[in-house]
Amino acid sequence: MSHRRGLERDGAAPYIFLAPLLALLAAFMIYPVVMNVITSFTEWKGYGPWKWIGLANYRTMIADGQFWTSIKNTALMVLYIPLSTIVTILIAAFLREGIGGWKAYRAILYIPNLLGYVLMGVIFSIYLRDEGALNMLIRYFTGSTVRFLITPIIAINTVGFLLVVFLHLGFGLIYFLAAMNGIDSSIYEAALIDGAGFWRTMFKVTIPSVRFALEFWVVFNFIEVFARMFSFIHTLTQGGPGYSTFTLEYGIFITGFSKFKVGYSSAWSVVLFFFCALISIAQIRLMKRRDA
Amino acid sequence: MRKASSFGPGTRIAVQAFMLLLVVASVLPLYNVVSASLKPINEYTINPLLLPQAPTLENYKYAAISGHLLRFTANSLTFVPIGVATYVVICVMAGYAFGKMRFAFRRPIFLLVLFMSIFPQLLLATQVSKLISLIHLTNTGLGVILAWISYFAPFGTYIMTTYFTDMPYELVEAARIDGASQYRILWSVMAPMAMPMVATLSIIGFQSMWNELPFSMLILQQESLRTVTVGIAVLRGQYGLRVPILSAALVIAMSVPLLVFLLFQRRITLGVTAGAIKG
């Protein structure tokens, strides 16, 4: 976006190049969002007649315990972002030191990202059940069972850890290693000659040098937590047990598609839209700084 | 490659041990699924963890035929490539327009596209599936492909835009002096030069569409049309389905993404950083 030479324009061609994209976005993004806002002021089952009810859905929402549970659960996921960031950048820094087999590690840890949330959700739903393989191991060593997907407080933290920390690790390693690769190696050599150890080098050289990548990573994680969790939760816990792993996004699905309260679920969507707008503003500000 | 390292030999061993442990922990769930898929149900019940005593392929037969996994894989292998090809063309055109052309409202339109790249699918799902049914495309490949392209194109466009922006403007000017039209410049000069990024974009599109759940779930309601991803999600919800059969279905579903990974590992590595790291 940097070539602004003169004021001459390229005529109709750019609009023709953009036409397919903009037509699709108008139909499948803008129209749905606008309709969604309108629907949030109505009572509608998703089919048949609808009734204008003003702000009633929003009033119901504010009084709805499930809505607040979903906000609380989403906030809990956000709390895993710092952990994810620290773990990922630390392991990337380990691998950068030229640990033998680092390429193999990087590739193997990427596999979960490759398989995607649906497959990983189902895989963990098998692995983590009470009678599953992991509990077999845990019982062998401790004699007790950890009810990963049954005890509410463990279930939500399992989802948070797996989704935010574990499932992003492979992606993050490739990402941070690429960013660290851009650092001039003579800086590291100089740090070494100065007698700086791993931690000092990490805080004085690595982290400042990959600051932009780090900020992008945090924004990316916010996007994942607010806007990309549905598939994993749907296949791992389906929001349960009870409503313990119910997030804002998952709540929209349940109220809209299982309970057929589309008008009401649209009000939840508007809240989600608001959060995404905030994230997007952060993202755009970051990019402006990057381009500057 | 040999790098300046601040690790002494002791630290090196400790880190190596930690990494090995991490890899084992993250491979264990996958190993578990593969080993479960080879066990008869009564063996899995008493021995979910260890290697199968009497490996059987019965679960695969059941998952592939009765569980329709072969059918679902064929569906994905039809819809996804068509979707990716169209997506790439649309993103290249739009990325070139944003990256190298001058026109009114370029920046606001670009920011809007960027904003849309982070929309949650659940925000759109109800209305998108309504719209698809309104134009009579429910239970059609075309319907799901349209929904996929629209949803994933903003990010793809962003990636292509950053790539085209970083290409030297002199290329466009030289072609223009030679009298080439805008269309010729894009298709004969710029697009061929952008091929490395186009390959990366294709991988990104493939992964996004292959793993997509909510739209395909709502648009492809007929069982015979399901994609692998929808098929797996539905099997998971099927009450009383035996773990070894579900595991076999998972292994079948894993095969295509793993194959793509083995073939295009370098591209995938590049795809992760596309658009996000300067340079």
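The values are calculated or read from the model by the stated rules, or taken from the named source; none is laboratory data. Not measured: the values here are computed from a predicted model. Neighbour counts run over all protein chains shown; Cβ positions are idealised from the backbone, glycine included. Heads up: the accessible areas ignore ligands, DNA and RNA and are worked out on the full protein's heavy atoms, side chains in. Shrake-Rupley method; radii C 1.70, N 1.55, O 1.52, S 1.80 Å.
Legend: mean number of C-beta atoms from other chains within 10 angstrom of residue C-beta atoms, peptide A:32-38, equals 4.
Adding -39500 (n - 2.57) for every DSSP H run of four residues or longer, then dividing by how many residues chain B holds, sets the calculated 222 nm ellipticity at -23000 deg cm²/dmol.
Probe radius 1.4 Å, ligands and nucleic acids left out: which of A:Phe17, A:Phe220 has the largest accessible area, and how do the rest follow?
A:Phe220, A:Phe17
Kirkwood analysis of the stretch A:177-225, using all unique Cα-Cα pairs, places the hydrodynamic radius at 11.8 Å.
If you take the accessible area of B alone, add that of A alone, and subtract the area of the pair, what total do you get in Å², probe 1.4 Å, to the nearest 100?
On the way: alone 16670 and 17580 Å², together 23920 Å².
Buried: approximately 10300 Å² between A and B.
Under 37 °C and 0.692 mPa s, how fast does chain B diffuse according to Stokes-Einstein, given a Kirkwood radius computed over C-alpha pairs? Answer in µm²/s, whole number.
Working: Rh = 21.9 Å.
For the chosen part, D equals 150 µm²/s.
For chain A, which whole percent of the accessible surface, found with a 1.4 angstrom probe, sits on carbon and sulfur atoms? Please report the intermediate quantities before stating the final value.
Numbers: 8440 of 12410 Å².
Exposed carbon and sulfur together represent 68 percent of the surface.
Backbone amide hydrogens, once placed in the peptide plane, bring A:Thr42 within less than 5 Å of A:Ile53, excluding anything fewer than 5 places away on its chain.
Hey, what does the equivalent ellipsoid look like for chain A, semi-axes from the Cα gyration tensor as sqrt of 5 times each eigenvalue, largest first, whole Å?
Working: eigenvalues 285, 207, 52 Å².
They are 38, 32, 16 Å, listed largest first.
Where in the stretch B:22-62 does accessible area fall by at least 40 Å² between the isolated chain and the complete protein assembly, at a 1.4 Å probe radius? For the stretch B:22-62, once contacts with the other chains are taken into account, B:Leu22, B:Val23, B:Ser26, B:Leu28, B:Pro29, B:Leu30, B:Asn32, B:Pro48, B:Leu49 lose 40 Å² or more.
Ellipsoid semi-axes for the stretch B:33-113, based on the Cα gyration tensor and the rule √(5λ), read 51, 16, 9 Å when sorted largest first. Accessible surface area normalised per residue over the stretch B:9-60 is 53 Å², counting heavy atoms of protein chains with a 1.4 Å rolling probe.
Any chance you could run the full-extension gain for B:Ile41 through B:Met195? It's 0.36 nm times the residue separation minus the Cα-Cα distance, nm to one decimal.
On the way: separation 154, 0.36 × 154 = 55.44 nm, distance 4.90 nm.
Once the chain is fully extended between B:Ile41 and B:Met195, it gains 50.5 nm.
Put simply, the Cα atoms of the protein assembly as shown extend 76, 75, 47 Å along their principal axes, the longest span coming first. Ligands, DNA and RNA are left out, and with a 1.4 angstrom probe the accessible area of the stretch B:68-237 is 33 Å² per residue.
Could I get the Rg over Rh figure for the stretch B:9-60? Both from C-alpha atoms, Rh via Kirkwood, rounded to two places.
1.24
For the protein assembly as shown, the dipole from Cβ point charges (+1 on Lys and Arg, -1 on Asp and Glu) about the Cα centre works out to 420 debye, to the nearest 20.
The accessible surface of chain B, taken with every protein chain in place and a 1.4 Å probe, is 69 percent carbon and sulfur. With each label modelled as a point 7 angstrom along the Cα→C-beta vector, the A:Lys51-A:Thr142 pair spans 5.2 nm.
Cross-link reach is defined here as a Cα-Cα straight distance under 18 Å, omitting same-chain residues fewer than 8 places apart; for A:Lys261 the lysines meeting it are A:Lys45, A:Lys51, B:Lys130. Of the residues A:Asn221, A:Leu128, A:Thr206, the one whose Cα sits farthest towards the positive end of the charge dipole of the stretch A:65-291 is A:Asn221 (charges of +1 on Lys and Arg Cβ, -1 on Asp and Glu Cβ, taken about the Cα centre). Expressed in units of 2.2 N^0.38 Å, where N is the residue count, the Cα radius of gyration of the stretch B:81-120 is 1.31.
Note on the stretch A:206-277: Kirkwood hydrodynamic radius from all Cα pairs is 13.6 Å, rounded to one decimal. Of B:Tyr31, A:Asn113, A:Leu21, which is farthest along the charge dipole of the protein assembly as shown in the positive direction, counting Lys and Arg as +1 and Asp and Glu as -1 at C-beta? The residue sitting most towards the positive pole is A:Leu21.
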